[in-house]
Amino acid sequence: MNRVLILGIGNILWADEGFGIRAVEKLNQYFQFESNVTLMDGGTQGIYLVHHIQKADVLVVFDAIDYRLEPGTMKIIEGDDVPKFMGVKKMSLHQTGFQEVLAMAEMLGNYPKHLLLVGVQPVQLEDFGGSLREKTKQQIDPAIEAALKWLKTFGVQPQKRAIPLKESLSGEEVSINNYEQNRPTADQACRVGDDRVLKNNLFNVEYRPHNLDPENAISCDVDHRGKY
């Protein structure tokens, strides 16, 4: 049988950057595969994924991709075009890293025979600690459906679980429900830059070279007003 790797990559801490992780997470929760199929949360591991890629005959990747399309748009890429779209525009470190993974696997002579990229144009990335935007979240089920339809041509037909798993691939603590319910609100922990910090006198530092310790120029004292 073909060795199949279904991989979600991205960063759940940066809003829609977590799309790939959430897609493979839901796929694992609702479907059970045969032993020749591996589902993996690849996170932002980059080149550390290369030995997993080398073992795969068939590779499916879920990811947030800048296709330069309308936010929330899903686009499917197959075969040799996959590496090109993994780096249309660098949005995070893991994308360049994954291009290198594919190149390295090919250079070493062990490269998947069949590749599929299921990507979604992100709505929002600059939201540290944020979750998927609604348009992006709505594409998870269509993305899973598209991947399963493609995998069916290789004899991959998973069984739907009678009872969905509660845990994600990386543990229940980071499942999307726990992540969204237990994180602080934006008022409690601003995720896009907080003027309250910048306006605070404690951070209103005036650089005064003459106050530096002449015997140790790399260190200085800060008084109670935050001034050198």
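All of the numbers you see were taken from the coordinates with simple rules; none came from a lab. It should be emphasised that the depicted structure is a prediction, and the values quoted were computed from it without experimental measurement. All Cβ positions, glycine included, derive from the backbone under ideal geometry; neighbour counts span all protein chains shown.
Past the 22 Å Cα-Cα mark, which pairs from LYS55/LYS166; LYS26/LYS135; LYS75/LYS152; LYS135/LYS166? Over 22 Å Cα-Cα: LYS55/LYS166; LYS135/LYS166. Both radii come from the Cα set of region 44-154: Rg as radius of gyration, Rh as Kirkwood radius; their ratio Rg/Rh reads 0.97.
Annotation: amide H-H contacts under 5 Å for GLN124 (H modelled 1.01 Å from N, sequence separation of 5 or more, or interchain): ASP16, ARG133.
Amide H contacts under 5 Å for MET86: none, restricted to partners 5 or more places along the chain or on a different chain, H placed in the peptide plane at 1.01 Å from N. A simple count of charges around ALA56, restricted to other residues whose Cβ falls under 13 Å of its Cβ and scoring Lys, Arg +1 and Asp, Glu -1, yields +1. Averaging Cα coordinates gives a centre for region 109-164 and one for region 1-76; these two points are 7 Å apart.
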